[in-house]
Structure formats: structure tokens, C-alpha cells
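These notes concern the structure reproduced below.
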Amino acid sequence: MEVAMKNTQNMLSKIATNDGHGENSPYFDGWKAYDANPFHSQHNPAGVIQMGLAENMLCFDLIQEWIQANPTASICTPQGASDFKETAIFQDYHGLPEFRNSIANFMNRVRGNRVTFDPDRIVMSGGATGAHETLAFCLANPGEAFLVPTPYYPGFDRDLGWRTGVKLLPVVCESSNNFKITSEALEIAYEKAKLANIKVKGLLITNPSNPLGTFLDRETLKYLVTFITDKNIHLICDEIYAGTVTKGDEFISIAEIIKEEPKCNLDLIHIVYSLSKDMGFPGFRVGIVYSYNNNVVNIARKMSSFGLVSTQTQHMLASMLSDNKFVDNFISESRIRLAHRHDMFTRGLAQVGIGSLESNAGLFFWMDLRRFLKEPTFESEMTFWRTIIGDIKLNVSPGSSFHCSEPGWFRVCFANMDDETTMIALRRIKTFVLKNKMLEIKTMRPCWQNNQHFRLSSRRLDDMLTPHRMSPHSPLASPLVRAHN
């Protein structure tokens, strides 16, 4: 049997049979554990709760209300059927003009209308995954590299490197300064690549950060523009979580920075966006490449033939995202609900001595379990992670899968479940900690009183878990769009 499988693999390409997809990562192993024993409040209450998938399910009620009020937006309703033929036969890889206009409008409004995006620079792709790969193909040759600050999204290794042959080189960031990017770390990574005879073609940043849930300040962004300009390398800014910043006026897009930097070479600046996180539409596979480089726009548009967004999806979203009243209300309400859920989780965990990095963006937070490891090693982190999945029955993602330089950090996703499941997850953690005396923490203040980046609270956990604290807007029976991206 094994011989037959090896012979079959020998008949396939190296790209098809290598491990570049990264499916052997604990990041994906957690999904498999959930799929094998998924939690359900009635049918499987002892199952694994999925907290390793960054999905935004908190505002599906608003989406459903809009769809019901706008039946002509879909070509599959009696009211919208008159547009069926023209939509079904449309093949231009530029995309429907009204779709590109509405995407530009949405990107503008998510960023507070402080910047304006040109619809003619919008290139479609099959989700952010396809957008990143397209840019990698456009900007680098096999064997060349992008610098990436750690910790970073595990899927980047697949998205930018699997089929392109491009390398990702870590820029090591540490907890001592809240994992902020430093000039020293950037220079070290760049020089290390030169010593290894690896050509660096660009810097990839995620702003807001996945997995940290933080976003970059103005001075850091300006420095990054200076850095890539001096090195004459590209800057790819993944801004797919821009709309999840709970205080929207605080987020700064790279599109704002380049207006303030007259010496910036715009040909080096590229933005990746999607509707998977801000709108909660991962199944629609709407990814966007927005480049200030005309050649990249033209080449990426040709490459987009391999991953276009269906015209049926374009047609509906064009109508939805051009409705400014709906868009503005959705963005505002989504931020309120995300902030509530984030606070509910982090304050609840603090009651049992679990801290997290101070954050106010993303669909997750960066949980600190370093004090619970038997030893400060990644082996110990993996042992404890298996306990979390096997005993507590929660799928959270270990920091090592995000290339974190320090063991003991875990990403926890909080927006892909209802409030009832949230409370069950918190109760499971509380029960586990209280039953295991080896994990008891006598006092928090002496160790953490000077670490202001940790969230702690003196409120009782039971107060956080009582029904009256549930958000009146959180849908208890929202549909779960389970697209693993």
C-alpha cells in the first residue's frame, strides 16, 4: 500500500506533493480536532468549541434584514430575475464596474473617508489568500523573500510561498515591548538575509495584526515607508481587519501615510483587502489587490483570471455596499458588538488569572499562558495546548504556529460563536483552573502591576457569565459560514 502511494506521488509534480500547504501545523490540527468532535449546545454539549477560526458572525442579523428589504439585489429572486442573463454571461476580468465602485466606497468608509480609493486600481481575487499569492507572483521570483514581523498568520507560508517558491523571513518581535516592530529587528532580519545570499523583495505587514489584535501607530508606519524606500523593496499591507478596530478613528491605513510622505515611491506600495473579516463573508471569496503600481495592477488583473469572484456575488455586493446608510450603520454596530465580546472574554479570563495583550482590533486576542507552562519551551507549550483541546475541549491556536519567538502565547477567536457558547467556554476554563491546584495563582498584582499591556479586572467571573450581561444584539442562532481560510 505504502509503495503504491509512493509510486503515485512520484508521478505528480513537486509542488503538488510537497508540504508547502502547511497542513501539518498545529494551527490546522486544532481544526481537525474540532471537526472530529464539534460542540453543539444540544446534540454534543461536551464537544470541542471552535476558537481557532477568525470568523465574524456577530452582525448577520443586519445582513439578513438588508437582504429581506432589498430582494432585487439577488438575481435568484423574482424581483431580481430580470438581471439574470446579463449577470450570468458577464466574463470581463476587470469585474462589474458597479462592483469595483462599491468596493472602493466600502474601503473609503471603513477608513473614515480619510482616504479615497480608485475603483480602477481594484483587482479581484479569490479571497485574501489569492490576493497575497498574486502579489507574490508579481513582485518576487522563486528563492527571493519577504520580511514578515512575528508573530504572523500561519496561512502566509502557504499563501505567499507554496506555489510561488518565495521565502518568508521572520522579523523577530518580542513581548518585552508588546511585540512592536523595531528598526533594530528589521535591520537584523535584512542583514541576515544578505549574509545568506537571499534577495529581499519586500516587507509584509498585517495591520491590524493577526494574531495580536493590535494596529500600528503613525510613527511606525512612517518608519516602515522610510525603510522600504531606503532599501528599494516593496511594502505589502494586509488590511483585511481594518473594519474591526473598535475605535475606528484610531486606525491608520498605509493609504493615509503615503499622502504625508512626499518622498515615498508609490510603485512600492500595495494593499490586500477582503470582505471575509470586516463583513463576515469568507465563503464569498472576495479578495482585493489594490496597488499604486500601474504595472502591478495590469499584471495582477491578468492573473486574476485564475480566481475571479462570481458575477452573481459581485452583483449582490455592488447593491449592498453602495447603500451608504446600511454600510455606515453596519460598521458602527459591528465595532460595538466586537468590543463587547472582546471585553466579555478578556475580563472573564482575568478572573482566573489569565492575562492577554492589550488590544482593540481583530476577531481575537493574544492570550498569555506562559505562567502555566511547566517549562519555558515550545515542547511544553504543545503539551499544554493538547490539554486545552483534550481536557478543556477548546480549540485555541498555539503561538508557535504563528512563528512566535516566545512559548506560552495563544490566539483566541471570539466572534465566531453566540453569547451562550462564549459563556460555556469561559466556564470550562474557570473549572479547569480551579480543579488544578498546580495552576492556581495566589496573587496577580506583584507580577503584573507594571505590565500595563495586560488586561486584568477585579470584577467577579460570575458577573461576566450571567445572562443579563449578554449583548442584546448578539444572534444566538446565527448561521455559521465555515470556510477554512
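The values are calculated or read from the model by the stated rules, or taken from the named source; none is laboratory data. These numbers come from a predicted model, not from an experiment. Here the Cβ positions follow ideal geometry from the backbone for every residue, glycine too, while neighbour counts run over all protein chains shown. With ligands, DNA and RNA removed, areas are computed over all heavy atoms of the protein, side chains included. Shrake-Rupley method; radii C 1.70, N 1.55, O 1.52, S 1.80 Å.
All of Ser102, Ser74 fail the test of being small (Gly, Ala, Ser) and touching a Leu at 6+ places or on another chain (Cβ under 7 Å), apart from Ser102.
In the set Ser380, Ser334, only one residue is polar (S, T, N, Q), open to solvent by less than 20 Å² (accessible area, probe 1.4 Å) and within 21 Å of Glu55 (Cβ to Cβ); that residue is Ser334.
I need the full set of residues from segment 92-140 which are outside any helix (DSSP H, G or I), in contact (Cβ under 8 Å) with a residue 40 or more places away in the chain and farther than 22 Å from Tyr241 by Cβ, in order please. If the condition is that a residue be outside any helix (DSSP H, G or I), in contact (Cβ under 8 Å) with a residue 40 or more places away in the chain and farther than 22 Å from Tyr241 by Cβ, then Tyr93, His94, Gly95, Leu96, Ala140 are the ones that fit. Of all residues in segment 285-336, those being more than 15 Å from Gln64 (Cα to Cα) and among the acidic types (Asp, Glu) number 1.
Within segment 223-235, the presence of at least one residue that is open to solvent by 10 Å² or more (accessible area, probe 1.4 Å) and not in a helix (DSSP H, G or I) is confirmed.
Pairing residues of segment 30-41 that are closer than 21 Å to Pro154 by Cβ with residues that are in a helix (DSSP H, G or I), at Cβ distances under 6 Å and at least 6 apart in sequence or on separate chains, gives Ala33/Ile389. Using the structure shown, decide if Ser183 is in contact with an Asp or Glu (Cβ under 9 Å, 6 or more places away or on another chain), among the small types (Gly, Ala, Ser) and open to solvent by 10 Å² or more (accessible area, probe 1.4 Å). Here the answer is no, as Ser183 does not meet what is asked. Scanning segment 302-328 for residues that are within 24 Å of the chain's Cα centre (by Cα) and under 18 Å from Gly130 (Cα atoms) returns Met303, Ser304, Phe306, Gly307, Leu308, Val309, Ser310, Thr313, Gln314.
The condition (being more than 25 Å from Met367 (Cα to Cα), open to solvent by less than 80 Å² (accessible area, probe 1.4 Å) and among the aromatic types (Phe, Trp, Tyr)) is satisfied by just one residue among Phe28, Phe117: Phe117. Restricting attention to segment 236-266, which residues are in contact with a His (Cβ under 8 Å, 6 or more places away or on another chain) and either part of a helix (DSSP H, G or I) or open to solvent by less than 10 Å² (accessible area, probe 1.4 Å) (or both)? Selection gives Ile236, Cys237, Asp238. The set of residues in segment 181-211 that are touching a Cys at 6+ places or on another chain (Cβ under 9 Å) and assigned to a loop (DSSP other than H, G, I, E, B) comprises Ile181, Thr182, Asn207, Pro211.
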